[in-house]
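Enquirer: My questions will all concern the structure given below.
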Amino acid sequence: MASLEEIRAERIKKINDLKEKKINPYPVLSTRDFSLAEVAQDFLKLSKRKKPVHLTGRVMALRGQGALVFFNIDDGTGVFQGLLKKDEIKEDARKLFVDTVDIGDFVEIKGSLFTTKRKEKTLLVKDWKMLSKSLRPLPDKWHGLQDVEERFRKRYLDTIMSTEVKDRFVLRSKIITEFRKILNDKEYLEVETPILQSLAGGAIAQPFLTHHNALDIDLNLRIAPELYLKKLLVGGFPKVYEIGRNFRNEGVDTTHNPEFTMLEFYESYSDAGKQMIFVESIFKTLVKKIFTGTTILYGEEKISFSKKFTVVSFLDLLKRYALIANPENITLDELKLKAKQLGVDVADSDGLEKVMDNIYKKVCRPKLIQPTFIVDYPAAFSPFAKRKEDNPALIDRFQLVIGGIEIVNAFSELNDPLDQRERYVEQDKKKKRGDAEVSPSDEDYLEAMEYGMPPAGGVGIGIDRVVMLFTNTKNIKEVILFPTMRPKE
C-alpha cells in the first residue's frame, strides 16, 4: 500500500499534468444547474430536457478504467451516478478524466440523464471539468475514521464519511431553528451581549482570562450572558433571549466542554412558576415538531413527553436516593462524611451547598430519566435567585432533568439590589476561602439594578445537551462540530 507521501506526490504530479495542458485544477467559475437532491427528485422531468444538465460534486467512488467508467459524486445534498462511455465523450476528455481524477476530487460534469439497465439514475457525461484537485485520500469508506479523537479533530472527514454524523448536525441546526421560532412567536427579542467581559458573572464557574493590548486590560471570556440580559430588562426590553457560546475553564467529561452553546431568555413580570409551564410546552413542541410524536429513545430508555412533567424538591431527592435523613439541618462535617461514603470527592474549600450538589449529581440525577422538574433549592445555591416568600431558606428555582442530564436551569430573578449586594458579600467570602468558581461582586450590575429592575423569570437551556438527548448521544463531543481537544503531538 502506498504511503501518504507517495499518494500526495502522485496527485501533485496530476496537478502539474493538468497545468501543462493549460487546465486550471482550481478554477474560479463552476456551472451547476441543479443540486443532486433536485435531480433525484425531478429526474423524470429533467431526463426529457433537451439542454445538457450541469452537475457538480465530490467524487466518492470510481469503477472501471476501460470503455465504461462509473463514478459517484456527492454535493452535500445527495449522491448521484455519472458514466463516461467511450464514443459518447471526446477521447481526450475521457482519457484526462481516467488519468487525473481521484476519489476526493471535486468535478463538474455535463451531459444527459438516463436510467441504466439496473434502474440506476445516471448522467451520461459529454464533458467534464476539474473544480478542485484533492491531495490526500479520503478514509476507507467501509471503516471511516476509526480513532475517536481523530473524528473529533477532523470533523470534516467524519461528516464526509458518515451520513449518521452529518445528519446529527443537520438536526442540531433544526433544533436551534425551532427554539428561535418558538421564542420569536412569543415576541421575545433576540439580542447579542459581550463575550469579552471585565468580570465574568452570572454563573458558578471559573472563567478563561485574556488580555486586550490596546486598552491594556485583562478581560474574561463570558461564563454566561445573564447579567447583561437582565440589564436589558432594566433598559425597557420586556422579553429578550440570546443563543451563543459560553466559556468555562472546567473539567472535560461526557456532558462538559469548555466551549458550549446556551440559550438564555428572560421575561419581565414573569417568575419561575410561569416559566416552568412555558419550558414544558417548549419541549413538548420540539418533540412533536422533530419526531412527529411524543416519545424519544435515549440509550435503552423510552422517554415520554405526553404527560405532565414530574415535580420534586431538591432536598427530597437527597432523602430518597442519597439516604440523607436531615438535609435541612445537616452539618458540613456530617455531609462531608456522607459524601466520602458515597464515593463523592470533597475539597477542603467546599462549602455545604457544593458538597450537597456534588452528591446530588452523582447519586440522584442519574436516576431521573423521565422529564423531571427539581424545585426548592437552599438559598446558597444561587446568588441571583429570589427567595421563596413562604420559606426564605429556599430559592424560587427549578432545573429540568431528562435522561439523567441537566437540560434547564431557571429561577425567579432577584431584583432587590440590597439583597443582591448581601448575596455578593457571601460570595466574596467563599472566593477568599479559595472557591475559584464563585461569581464575584459586580458593582456595574448592582448600579443597573438600583435604577429598578422589574420582576422576571429567567431560563437557561443547554443546547448541546438537548441535541445529545434528541440524537441519542452519550458524549457531548459528538454534538459539537469542533470540540475542544488537546493538540496532537
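The values are calculated or read from the model by the stated rules, or taken from the named source; none is laboratory data. Only a predicted model underlies this, so the values are computations on that prediction, with no experimental measurement involved. Because the Cβ atoms are built from the backbone with ideal geometry, glycine has one as well, and the counts that use them run over all protein chains shown. All accessible areas refer to the heavy atoms of the entire protein, side chains included, with ligands and DNA or RNA removed. Shrake-Rupley method; radii C 1.70, N 1.55, O 1.52, S 1.80 Å.
Enquirer: Can you report the number of residues in the stretch 174-199 which are closer than 18 Å to Ser268 by Cβ and either of a type in the set (Lys, Arg) or buried (at least 17 other Cβ atoms within 10 Å of the Cβ) (or both)?
Expert: 4
Enquirer: Could you please tell me which pairs satisfy a Cβ distance under 7 Å, a separation of 6+ or placement on different chains, a first residue in the stretch 444-465 that is without any contact (Cβ under 8 Å) to a residue 60 or more places away in the chain, and a second residue that is open to solvent by 20 Å² or more (accessible area, probe 1.4 Å) and among the basic types (Lys, Arg)?
Expert: Leu446/Arg421
Enquirer: Continuing with this model, one more query. Given the conditions (1) open to solvent by less than 40 Å² (accessible area, probe 1.4 Å); (2) in a helix (DSSP H, G or I), which single one is not true for Ile277?
Expert: (1)
Enquirer: Val240 passes all but one of (1) at positive phi; (2) assigned to a strand (DSSP E or B); which number fails?
Expert: Checking Val240 against (1) at positive phi; (2) assigned to a strand (DSSP E or B), the one that fails is (1).
Enquirer: Here's a check for you: in the stretch 435-470, which residue that is open to solvent by 30 Å² or more (accessible area, probe 1.4 Å) and among the hydroxyl-bearing types (Ser, Thr, Tyr) is modelled with the highest pLDDT? Steps first, answer last, please.
Expert: Taking the stretch 435-470 first, the residues open to solvent by 30 Å² or more (accessible area, probe 1.4 Å) are 436-437, 441, 443-444, 447, 450-452, 455, 465.
Subset that is among the hydroxyl-bearing types (Ser, Thr, Tyr): 441, 451.
Details: Ser441: 91, Tyr451: 98.
Filtering first and then ranking leaves Tyr451.
Enquirer: Just to be sure, is Ala380 of a type outside the set (Val, Ile, Thr) and under 19 Å from Lys336 (Cα atoms)?
Expert: Details: of a type outside the set (Val, Ile, Thr): yes; under 19 Å from Lys336 (Cα atoms): yes.
So Ala380 passes the test.
Enquirer: Which one of Glu164, Glu149, Glu178 is outside any loop (DSSP other than H, G, I, E, B), without any contact (Cβ under 8 Å) to a residue 24 or more places away in the chain and over 21 Å from Phe106 (Cβ atoms)? Give the derivation first.
Expert: Working: Glu149 fails: without any contact (Cβ under 8 Å) to a residue 24 or more places away in the chain; Glu178 fails: without any contact (Cβ under 8 Å) to a residue 24 or more places away in the chain.
Within the list Glu164, Glu149, Glu178, the selection yields Glu164.
Enquirer: A further question follows. Any residue at all in the stretch 6-20 that's free of Cβ contacts under 8 Å to residues at least 24 places away in the same chain and of a type in the set (Gly, Ala, Ser)?
Expert: Step one: of the stretch 6-20, the residues free of Cβ contacts under 8 Å to residues at least 24 places away in the same chain are 6, 9-10, 13, 16, 19-20.
Checking which are of a type in the set (Gly, Ala, Ser) leaves us with 9.
There is at least one residue in the stretch 6-20 that is free of Cβ contacts under 8 Å to residues at least 24 places away in the same chain and of a type in the set (Gly, Ala, Ser).
Enquirer: Just the residues that are surrounded by fewer than 18 Cβ atoms within 10 Å (Cβ to Cβ) and farther than 22 Å from Ser162 by Cα, please, taken from the stretch 55-69.
Expert: Passing the criteria: Gly64, Gln65, Gly66, Ala67, Leu68.
Enquirer: Is it the case that the stretch 364-385 has a residue that's out of contact with any strand residue (DSSP E or B) (no Cβ under 7 Å at 6 or more places or on another chain), within 27 Å of Gln420 (Cα to Cα) and open to solvent by 20 Å² or more (accessible area, probe 1.4 Å)? Can you show your working first?
Expert: Filtering the stretch 364-385 down to residues out of contact with any strand residue (DSSP E or B) (no Cβ under 7 Å at 6 or more places or on another chain) leaves 364, 366-367, 380, 383.
If we keep only those that are within 27 Å of Gln420 (Cα to Cα) as well, we get 380, 383.
Next, only the ones that are open to solvent by 20 Å² or more (accessible area, probe 1.4 Å) stay: 380.
Yes, the conditions are met somewhere in the stretch 364-385.
Enquirer: Find all pairs meeting these conditions: Cβ atoms under 6 angstrom apart; at least six residues apart or on different chains; first residue within the stretch 228-240 and more than 23 Å from Ala200 (Cβ to Cβ); second residue among the small types (Gly, Ala, Ser) and open to solvent by less than 50 Å² (accessible area, probe 1.4 Å).
Expert: Pro238/Ser268
Enquirer: Search the stretch 394-414 for residues being among the hydrophobic types (A, V, I, L, M, F, W, C) and in contact (Cβ under 8 Å) with a residue 40 or more places away in the chain, and hand back the single one that is farthest from Gln370 (Cα to Cα).
Expert: Residues of the stretch 394-414 among the hydrophobic types (A, V, I, L, M, F, W, C): 394-395, 398, 400-402, 405, 407-408, 410-411, 414.
Add one more test, that the residue is in contact (Cβ under 8 Å) with a residue 40 or more places away in the chain, and what stays is 398, 400, 402, 405, 407-408, 410-411.
Values: Phe398: 16, Leu400: 10, Ile402: 6, Ile405: 10, Ile407: 12, Val408: 14, Ala410: 19, Phe411: 21 Å.
Within the stretch 394-414, the match that is farthest from Gln370 (Cα to Cα) is Phe411.
Enquirer: Pull up the stretch 292-326, narrow it to residues that are assigned to a helix (DSSP H, G or I) and in contact with a helix residue (DSSP H, G or I) (Cβ under 8 Å, 6 or more places away or on another chain), then point me to the one that is most open to solvent (accessible area, probe 1.4 Å). Quick ask: steps written out before the conclusion?
Expert: So the first thing to find is which residues in the stretch 292-326 are assigned to a helix (DSSP H, G or I), and the list is 314-321.
If we keep only those that are in contact with a helix residue (DSSP H, G or I) (Cβ under 8 Å, 6 or more places away or on another chain) too, we end up with 314, 317-318, 320-321.
On the way: Phe314: 1, Leu317: 0, Leu318: 1, Arg320: 135, Tyr321: 69 Å².
In this case the residue turns out to be Arg320.
Enquirer: Give the number of residues within the stretch 362-381 that are at pLDDT 95 or above, of a type outside the set (Ser, Thr, Tyr) and outside any loop (DSSP other than H, G, I, E, B).
Expert: Number of matching residues: 10.
Enquirer: With the checklist (1) open to solvent by less than 20 Å² (accessible area, probe 1.4 Å); (2) in contact with a strand residue (DSSP E or B) (Cβ under 6 Å, 6 or more places away or on another chain) in hand, flag the one item Arg155 doesn't pass.
Expert: Of everything listed in (1) open to solvent by less than 20 Å² (accessible area, probe 1.4 Å); (2) in contact with a strand residue (DSSP E or B) (Cβ under 6 Å, 6 or more places away or on another chain), Arg155 misses just condition (2).
Enquirer: Next question. Just checking, does the stretch 412-434 include any residue being over 24 Å from Tyr228 (Cα atoms) and buried (at least 21 other Cβ atoms within 10 Å of the Cβ)?
Expert: No, the stretch 412-434 contains no residue that is over 24 Å from Tyr228 (Cα atoms) and buried (at least 21 other Cβ atoms within 10 Å of the Cβ).
Enquirer: Test of understanding: among Thr210, Thr254, which residue is touching a Lys or Arg at 6+ places or on another chain (Cβ under 7 Å) and among the polar types (S, T, N, Q)? Before the answer, list the steps.
Expert: Values: Thr210 fails: touching a Lys or Arg at 6+ places or on another chain (Cβ under 7 Å).
Going through Thr210, Thr254 in turn, just one is touching a Lys or Arg at 6+ places or on another chain (Cβ under 7 Å) and among the polar types (S, T, N, Q): Thr254.
Enquirer: Now for a separate question. Could you please find all residues in the stretch 204-231 being in contact with a Ser or Thr (Cβ under 7 Å, 6 or more places away or on another chain), open to solvent by 10 Å² or more (accessible area, probe 1.4 Å) and within 19 Å of Met453 (Cα to Cα)?
Expert: Matches in the stretch 204-231: Tyr228 only.
Enquirer: List pairs: first in the stretch 317-340 and touching a residue at least 24 places away in the same chain (Cβ under 8 Å), second basic (Lys, Arg), Cβ under 7 Å, 6+ apart or cross-chain?
Expert: Partner pairs satisfying both residue conditions: Tyr321/Lys367; Ile324/Lys338; Pro327/Lys319.
Enquirer: Can you run down the residue pairs with Cβ atoms below 6 Å, 6 or more apart or on separate chains, where the first is in the stretch 44-57 and closer than 19 Å to Phe106 by Cβ and the partner is at pLDDT 95 or above and among the β-branched types (Val, Ile, Thr)?
Expert: Sorted first by the residue in the stretch 44-57, then by its partner, the pairs are His54/Thr31; Leu55/Ile109; Gly57/Ile73.
Enquirer: Just one of Ser47, Ser35 is under 36 Å from the mean Cα position of the chain (by Cα), within 17 Å of Thr122 (Cβ to Cβ) and among the hydroxyl-bearing types (Ser, Thr, Tyr); which is it? Talk me through it step by step, then tell me what you get.
Expert: Working: Ser47 fails: under 36 Å from the mean Cα position of the chain (by Cα).
The unique qualifying residue is Ser35.
Enquirer: Go over the candidates Ala205, Ala224 one by one and state the one that is in contact with a strand residue (DSSP E or B) (Cβ under 9 Å, 6 or more places away or on another chain) and modelled with pLDDT under 95.
Expert: Working: Ala224 fails: modelled with pLDDT under 95.
On inspection, the qualifying residue turns out to be Ala205.
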